[in-house]
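Comments concern the structure below.
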Amino acid sequence: MSQYPDPAPYGASGSYGGGPVPRRRERPGARWFVLGALLLVAGLVLSVSAIVLSVAAFARVEARVPADGVSRTIPVEPGDEYLLWKRPGESEACTVVDATSRTDVPVRGLGFTSYTRDLGSGSWEGSRTFTARSSTIEITCAPGTSAVEVGEKPRVHTLVGGILLGLVLPILLAVVGFVLLLVVGILYAVRSPRRATPR
């Protein structure tokens with residue numbers, strides 16, 4: 001009887017055979033494709049939502065006041081700055097009174113700043129601005145002048161920030177989603193099919 005063990009068959013793992021059989025790498029599962037697609041869709045949805053919300057905030061008005069000499073009461077936020085919008089080419093002659101203290105609210109010109117918008121209700125341009133002192137104002141516009149819309153004074157940095165956020169973050173998500181789909185697609189093409197799990 002031999003003192004030594006029989007040599008291992010050719011190609012088998014062991015002292016005299018080949019090395020260990022490398023572990024087969026399987027294709028990535030479908031969940032990785034779903035994740036990449038979700039990132040792409042999320043980027044698109046975020047982009048549209050951020051831009052729409054930013055533009056909607058710019059166009060929001062509290063009330064439209066006709067130029068008929070009749071006083072209208074409008075709810076406002078104390079301390080916020082509001083803008084009177086008028087029709088282009090028409091004059092604006094409105095007075096603003098604080099409904100709580102019954103005192104005149106100073107209405108200021110815009111200086112070198114200008115605002116224009118046309119978002120479905122016709123063209124409007126910024127005329128003058130005022131700061132609300134309490135939660136209610138009374139506004140009266142003289143007959144023969146432009147009707148006005150009263151809305152919060154647009155914050156340009158908020159509008160620009162919202163649009164940039166609506167572009168930068170979705171682009172990052174879309175890039176990550178695209179790269180993920182690309183890598184998963186390559187791995188799916190070069191790797192072996194996944195083994196069926198026995199029941």
*Taking a probe of 1.4 angstrom, what is the accessible area of R64 in Å², to the nearest 10?*
130 Å²
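Full-extension gain between D104 and V175, please, as 0.36 nm times their residue separation minus the C-alpha to C-alpha distance. Working shown, then result.
Numbers: separation 71, 0.36 × 71 = 25.56 nm, distance 5.47 nm.
Length difference between fully extended and current span is 20.1 nm.
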_Label-point separation, V190 to T136 (7 Å along Cα→Cβ), nm_ = 7.3 nm
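Got a sec? What order do L44, L181 fall in by accessible area at 1.4 Å, biggest, i.e. largest, first? Write out the running numbers ahead of the final one.
Working: L44 115, L181 50 Å².
Output order, biggest surface exposure first: L44, L181.
The values are calculated or read from the model by the stated rules, or taken from the named source; none is laboratory data. The model shown is predicted, which means the values in this text are computed figures rather than measured ones. In this analysis, Cβ positions are derived from the backbone assuming ideal geometry, glycine residues included, and neighbour counts consider all displayed protein chains. Heads up: the accessible areas ignore ligands, DNA and RNA and are worked out on the full protein's heavy atoms, side chains in. Shrake-Rupley method; radii C 1.70, N 1.55, O 1.52, S 1.80 Å.
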